[in-house]
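Single-structure report; data block below.
The values are calculated or read from the model by the stated rules, or taken from the named source; none is laboratory data. Here the structure is a predicted model, which means the values were calculated and not measured. Heads up, the Cβs are rebuilt from the backbone with ideal geometry, glycines too, and the neighbour counts pull from every protein chain shown.
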Amino acid sequence: MPIIVAPSWVLSVAVIVALGVPVISQVIPGTSTALAVTVSIVLGVALGGSVLAHELGHCLAARMLGMPVAGVRLYLLGGVSELGRVPRSPRDEAVIASAGPAVSLLLAGGCGLGLTATTRGTVSWLLVLLLALSNLVIAVFNLLPALPLDGGRVLRAGVWRVSGNRRAGTAAAVIGGYLIAAVLAGWAVLLVVGSGSAGLLPAGIAVAMALFVGVGAATERPARRPPGWPRDVSLRSLARPATMLPTETPVGTGLQAAAERDVLITEADGAVRGMLDIPAAHALAGRDPLAPVSLVAGRFPPDAIVFPGDDPAQVAERARGFATMLLIDDDGRPAGVLRREDILAVLNRRYPNRKGHA
């Protein structure tokens, strides 16, 4: 699966170096600045690997449950697993959400055991200790019952299982997110009041965590059905049929198919590589009509991938940023293409009932 490292990830290492150098110099007196910087860089890269392992835990669990995985994206102080569809059941959601913290706990335990092979007070001892503590913090923080954290997804799965309503589970986990954010913000205030300038750094970290949880919870909040959205018009009924072509199909053939309908380019396992980029395809065909269509496949960003059970209000809001969106069935197969103009037509009450269109 593709692993995408965003440029902001480099800032993660820089932040860890800025925070780590003073700690290393204080815990291990006599350490040179150059050695402290080197150790901090190693720690930053190792923590990036720990975050990657956490996300790969989610991906492995998803694949074991038969769910497609689009890839992993690492960014500033975090990462995200991009799954090909939403979990079908509360059990699947809970298993996938729990897999990441489980990996982090295993890493923390492994590093804890590794401490026995080091000498207390040495650079290697401190490095292993910091890795153990960091992975423990990653696991515990992610298990908090708040969206967008893994614990919030476990909470959603539990409410979903009891109520039979995933939307109710989402609402409960969003409330948990707001409460956790408020607690973190209150903790930051207490740190500053109780410790003065010495508490500014941990207070700043607490505020950053509060913002991450609060903003994330707000984006997960269930949206209301937009005014004017007919109840008898589903996302599936709006989807336009598309032609599926394998990645090795000649671009000339792809352009011929595109004359009738949208063209989706698929991998050998049926996963969608992207949609045929018509201008790029014409340019490529002018040079080499036998070139594969995979070279001109416009990828769908994660927010442009839609599922039949998604809230129409959220899809309508996301459609503002995309001319086309991909509808994926619950089994992970492409079900058609959603166009912005069709969604706007529904909101403007100009769209006829096309039930069973796709």
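A compact table of results
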read-out	value
Number of positions in the range 256-265 that are of a type in the set (D, E, K, R) and assigned to a strand (DSSP E or B)	1
The one condition in (1) within 26 Å of residue 89 (Cβ to Cβ); (2) at pLDDT 90 or above; (3) in a helix (DSSP H, G or I) that residue 146 fails to fulfil	(3)
Any hit, the range 3-23, residues being crowded, with 19+ Cβ neighbours inside 10 Å, under 27 Å from residue 152 (Cα atoms) and within 16 Å of the chain's Cα centre (by Cα)	yes
Residue in the range 312-322 that is surrounded by fewer than 20 Cβ atoms within 10 Å (Cβ to Cβ) and at pLDDT 85 or above present	yes
Pairs where the first residue, in the range 157-173, is assigned to a helix (DSSP H, G or I) and the second is modelled with pLDDT under 90 and of a type in the set (D, E, K, R), C-beta under 8 Å, 6+ apart	160/166; 167/311; 170/220; 170/221; 171/221; 173/220
Meets criteria (exposed (fewer than 15 other Cβ atoms within 10 Å of the Cβ) and farther than 22 Å from residue 1 by Cβ) for residue 246	no
